[in-house]
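Here is the structure we will look at, set down as structure tokens.
The values are calculated or read from the model by the stated rules, or taken from the named source; none is laboratory data. None of the values given here were measured: they were computed from a predicted structure. All Cβ positions, glycine included, derive from the backbone under ideal geometry; neighbour counts span all protein chains shown. We work out accessible area using only protein heavy atoms, side chains counted, and drop any ligands, DNA or RNA first. Shrake-Rupley method; radii C 1.70, N 1.55, O 1.52, S 1.80 Å.
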Amino acid sequence: WNSTFFGPSKIRESLRKIAALFDDTIKENVEKVIAKYDPMMQAVIDEYRPRLDGKKVMLYVGGLRPRHTVSAYEELGMDVVGSGYEFAHGDDYERTSAEMPEATVIYDDVSEYELEEFVHKLRPDLVGSGIKEKYLLQKMGIPFRHMHSWD
């Protein structure tokens, strides 16, 4: 079961998977919720996609976020050019590579030096990572999204 609530398409997909476990009333209500909120989500995409279309993003976070957030960036027109984990297992990488666009660099437990080298080579417009990487990226002048915070 691969469920995530990052990005409109994954939200719809996950809600439908959950509803499939219940009766037709729940399924119908999920479709009503999707119909209600789709225009709002599309409005956000319509507002931001023109500025983000074609921009590159690198991810370096723990947990499931490296693979679960990919579609949210793609729906905004962004290309995920690199993704990785600080702590991961073999099955994490198997699942991650299936979610990543072709030719995405996948890295594991990189040092600050290695991350800086990846940034120099991949030239992202945005990096989503944890607090330890924030200051390095800010000094490099790379826009940063703190992925361990929900603010």
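F5 contributes an accessible area of around 110 Å² to the protein surface, as traced by a 1.4 Å probe with all chains present.
With a 1.4 Å probe and every protein chain left in place, tell me how much accessible area D108 has, in Å² to the nearest 10. Roll a 1.4 Å probe over it and D108 shows about 80 Å².
For the range 59-136, the C-alpha radius of gyration divided by 2.2 N^0.38 Å, with N the number of residues, is 1.01.
If a/c stays under 1.5 just call it rounded; otherwise compare a/b with b/c (prolate if a/b is bigger, oblate if not). Do that for the range 8-49, with a ≥ b ≥ c from the square roots of the Cα gyration tensor eigenvalues. In terms of gyration-tensor shape, oblate. Per-residue surface analysis assigns T25 an accessible area of about 80 Å², computed on protein heavy atoms at 1.4 Å probe radius. Each helix, a run of at least 4 DSSP H residues, gives -39500 (n - 2.57); summed and divided by the residues of the chain, these come to -16500 deg cm²/dmol at 222 nm. Label sites at R123 and D24, each approximated as a point 7 angstrom past Cα along Cα to Cβ, lie 5.7 nm apart.
For K121, the lysines whose Cα comes closer than 29 Å to its Cα, not counting residues fewer than 8 places off in the same chain, are K55, K56, K132, K134, K139. Ranking M140, M100 from most to least accessible surface, computed with a 1.4 Å probe over the protein chains only, gives M140, M100.
Couplings 3J(HN,Hα) for the range 137-142, derived from phi with the Karplus relation 6.51 cos²θ - 1.76 cosθ + 1.60 (θ = phi - 60°), are 5, 4, 5, 7, x, 9 Hz, where x marks Gly and Pro. For the set V33, V57, V81, the ranking by accessible area, highest first and with no ligand, DNA or RNA atoms included, is V33, V81, V57 under a 1.4 Å probe.
Accessible surface computed residue by residue for the range 52-146, with neighbouring protein chains in place and a 1.4 Å probe, gives 51 Å² per residue.
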